[in-house]
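The values are calculated or read from the model by the stated rules, or taken from the named source; none is laboratory data. It should be emphasised that the depicted structure is a prediction, and the values quoted were computed from it without experimental measurement. When we count neighbours, we look across all protein chains shown, and the Cβ atoms used for this are built from the backbone with ideal geometry, even at glycine.
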Amino acid sequence: MAAIRSLKGMVGLVTGGASGLGRATVERLVSQGARAVILDLPSSDGASLAHSLGESCAFAPADVTSEEQVQAAVGVARERFGRLDLAVNCAGIAVAVKTYNHKKNQPHSLEDFTRVITVNIAGTFNVIRLAVGEMGRNEPDADGHRGLVVNTASVAAFDGQVGQAAYSASKGGIVGMTLPIARDLAPMGIRVVTIAPGLFSTPLLAGLPEKVRTFLARQVPFPSRLGDPAEFAHLVQALAENPMINGEVIRLDGGIRMQP
């Protein structure tokens with residue numbers, strides 16, 4: 001029988017960790033006896049969040065697309081906590097623009113499209129490739145397990161809406177690289193899993209009018225509400241504790257299938 005894994009004692013690096021899904025994940029890790037490094041932009045609330053969570057948390061200001069800054073964040077995990085067991089990629093951006101606006105005779109900005117692809121796909125890959133180098137130093141457990149990477153895609157990878165060409169393409173890229181990276185890292189005992197959330201109550205949706213939020217919540221079959229970031233964090237914990245889940249994309253969406 002494989003040993004039951006526990007978050008207690010693990011060290012996690014969470015990108016986008018100062019807000020939304022990332023923040024909930026950081027708080028969950030610390031509450032379960034793990035230690036966490038918040039990787040987020042210098043302008044984020046990362047420093048104050050880390051301070052509020054105490055000695056079990058550190059802030060590493062970084063842009064996920066920067067090799068130097070992400071390497072430094074991985075270094076914070078090593079220097080402060082001695083190891084890295086878990087990397088959770090929650091950082092991401094979005095734009096809402098149609099491929100072509102015929103009323104204004106204006107195509108989608110190539111710069112905007114490229115920026116979303118760069119942050120969401122290349123940024124995620126940048127964190128993976130640097131984090132797993134540190135995980136590879138860990139002594140394997142009885143299963144040969146050394147670490148776990150959890151990525152964040154979206155149901156938009158499968159059910160993209162009007163104006164989501166860039167966002168859907170970026171999240172589809174994260175889905176598409178999950179299995180090959182899991183296969184790449186299997187010999188080192190490092191797993192790769194992607195969560196595809198549906199409609200969650202994050203800062204992005206918080207800016208919408210209450211009427212719109214209520215309408216969106218009703219689109220979810222069951223439970224008919226927006227997801228709580230704590231539910232995303234709970235799934236991250238479950239993935240960390242269950243070593244058989246690997247190379248998979250898990251929809252966390254209340255059964256929603258977005259219609260055009």
Being free of Cβ contacts under 8 Å to residues at least 60 places away in the same chain and of a type in the set (A, V, I, L, M) narrows it down to one of 7, 53, so name that one.
-> 53
Unmet criterion (only one of (1) surrounded by 13 or more Cβ atoms within 10 Å (Cβ to Cβ); (2) assigned to a helix (DSSP H, G or I)) for residue 111 | (1)
From the options 124, 99, residue that is closer than 22 Å to residue 62 by Cα and of a type in the set (S, T, N, Q) = 124
Condition test on residue 70, is it touching a residue at least 60 places away in the same chain (Cβ under 8 Å), more than 20 Å from residue 154 (Cα to Cα) and crowded, with 20+ Cβ neighbours inside 10 Å?
-> yes
Taking helices (runs of 4 or more DSSP H) that fall entirely within the range 161-260, which contain at least 2 residues that are touching a Gly at 6+ places or on another chain (Cβ under 7 Å) and of a type in the set (S, T, N, Q)?
-> 165-185
Restricting attention to the range 48-57, does a residue exist that is of a type in the set (Asp, Glu) and not in a loop (DSSP other than H, G, I, E, B)?
-> yes
The range 67-96, subset of a type in the set (D, E, K, R) and part of a loop (DSSP other than H, G, I, E, B), residue nearest to the chain's Cα centre (by Cα) | 85
Out of 95, 116, sole residue that is modelled with pLDDT under 95, surrounded by 13 or more Cβ atoms within 10 Å (Cβ to Cβ) and β-branched (Val, Ile, Thr) = 95
Residue check: is residue 83 of a type in the set (Lys, Arg), over 25 Å from residue 249 (Cβ atoms), in contact with a helix residue (DSSP H, G or I) (Cβ under 6 Å, 6 or more places away or on another chain) and in contact (Cβ under 8 Å) with a residue 40 or more places away in the chain?
-> no
Answer residue from the range 175-197, given it is touching a residue at least 60 places away in the same chain (Cβ under 8 Å) and touching a strand residue (DSSP E or B) at 6+ places or on another chain (Cβ under 7 Å) and is surrounded by the most Cβ atoms within 10 Å (Cβ to Cβ) among those = 192
Answer residue from the range 119-154, given it is surrounded by 13 or more Cβ atoms within 10 Å (Cβ to Cβ) and charged (D, E, K, R) and is farthest from the chain's Cα centre (by Cα) among those = 141
Taking the range 148-170 and keeping only residues that are out of contact with any Lys or Arg (no Cβ under 6 Å at 6 or more places or on another chain) and closer than 25 Å to residue 133 by Cβ, one is left with 149, 150, 151, 152, 170
Among (1) more than 27 Å from residue 73 (Cα to Cα); (2) charged (D, E, K, R); (3) modelled with pLDDT of 95 or more, residue 139 falls short only on (1)
Of the residues 15, 25, which single one is of a type in the set (Ser, Thr, Tyr), under 16 Å from residue 235 (Cα atoms), at pLDDT 95 or above and crowded, with 22+ Cβ neighbours inside 10 Å?
-> 25
